[in-house]
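The values are calculated or read from the model by the stated rules, or taken from the named source; none is laboratory data. If you're wondering where the values come from, they're calculated on a predicted model, not measured in any experiment. As a convention, Cβ positions derive from the backbone with ideal geometry for all residues, glycine included, and neighbour counts pool all protein chains shown.
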Amino acid sequence: MRASILCAAAALFAAAPLAAQAPGPVALSPGEVLAQVSGSGQVRSRPDEARIRLTLSARADTDAAARQAGQTALRDLRARLRDAGVPEAAITVLPSAEQMGFVGNEAYGDDDTADTRALMAVVQRRKTAKVGVQIGLTDMSQLAAVRRILLEMDNVIAQPAMLSLRDERPARGAAITEAIAKARAEADAYASALGLRVGRIVRVFNPAATVEQPPVWAQMAALVNGSRGDEVVTDARVGMDVVLVAR
C-alpha cells in the first residue's frame, strides 16, 4: 500500500506544471554569476467581440407594477438596440440580475428637513424590479452606438464592455516574444555593467502564473494603463534566470 501511494504521488508530481515545481540549484563554475531578470510585453489589437452586462431597474408602488415597468424598460431597450442594427439574437435576458454600482448612504442627520425625510420614506417604500441583460456584439462598428444608448437611459447600470479576440494566440505569442526580448536586453545590461556576458539561460518562467484575474478586472486594469476602451490589450510577463560568464 505504501509503495502504491508513493508511486501515485510521483505520478502526480510528474504531471504538475513546470511553473508549480521549485527550480533546482544551478551549478556555477568559478567566476560565473547567476542573475534573474524580467521583461514585459504588450500587444494592442482591434477586438472581434464585445460583451456588455447591464441591469435595468424599474420602480413602482407594487411588485406587479414594478415587474411590468421592468418589462416595458426591456422592450424599450430592445427597440433602441434594434434601431442601431443589433440583432435580436445578440440580446440575452439573464436568469437573475444583481445590482451593479454603489449604494449610497441613506442615513440622515438631525439637520435634515422633515420634507426630505418624508420624501425618502416614500422612495424606500416603492417596489423595485430588476432585469439583467447581456449584449453580445460581433460587429464592432455597433459598439459606439450601443454605448450611447446605454448612457442615454437613466434606468441602466452597465459594466464596461468586455472586449475579446476570437483567437488570442497570435497576440499572446507576440507579447511573449517582446517580453523575452526585453528580459534578454536587461540581462545583457547587467552583464555589461559587470564586465561579463550572458553565457546561458537556465530558466524562463511566468512570474504572474499564480495571479489569475477575472476578465472584468483585467479590462479595467487595461483602461487604467492607457487603453482607449476600444481595443484588446494582451499582456505577458517573463522571468529569466541567466548565467553571466567572463568575456
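Assorted remarks:
Each row is one residue, and each column tells you yes or no for (1) surrounded by 15 or more Cβ atoms within 10 Å (Cβ to Cβ); (2) in contact with a helix residue (DSSP H, G or I) (Cβ under 9 Å, 6 or more places away or on another chain).
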residue	(1), (2)
Asp48	yes, yes
Ala58	yes, yes
Asp63	no, no
Leu74	yes, no
Arg82	no, yes
Gly85	no, yes
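- Some residue of the stretch 120-128 being surrounded by fewer than 17 Cβ atoms within 10 Å (Cβ to Cβ) and either assigned by TED's automatic domain parsing to the domain that holds Gly31 or at pLDDT 95 or above (or both): no
- Verdict on Thr72 being β-branched (Val, Ile, Thr), under 16 Å from Val146 (Cβ atoms) and not in a loop (DSSP other than H, G, I, E, B): no
- Check on Gln213, surrounded by 14 or more Cβ atoms within 10 Å (Cβ to Cβ) and at pLDDT below 95: no
- Scanning the stretch 131-148 for residues that are within 29 Å of Ala64 (Cα to Cα) and either of a type in the set (Ser, Thr, Tyr) or surrounded by fewer than 19 Cβ atoms within 10 Å (Cβ to Cβ) (or both) yields Gly132, Gln134.
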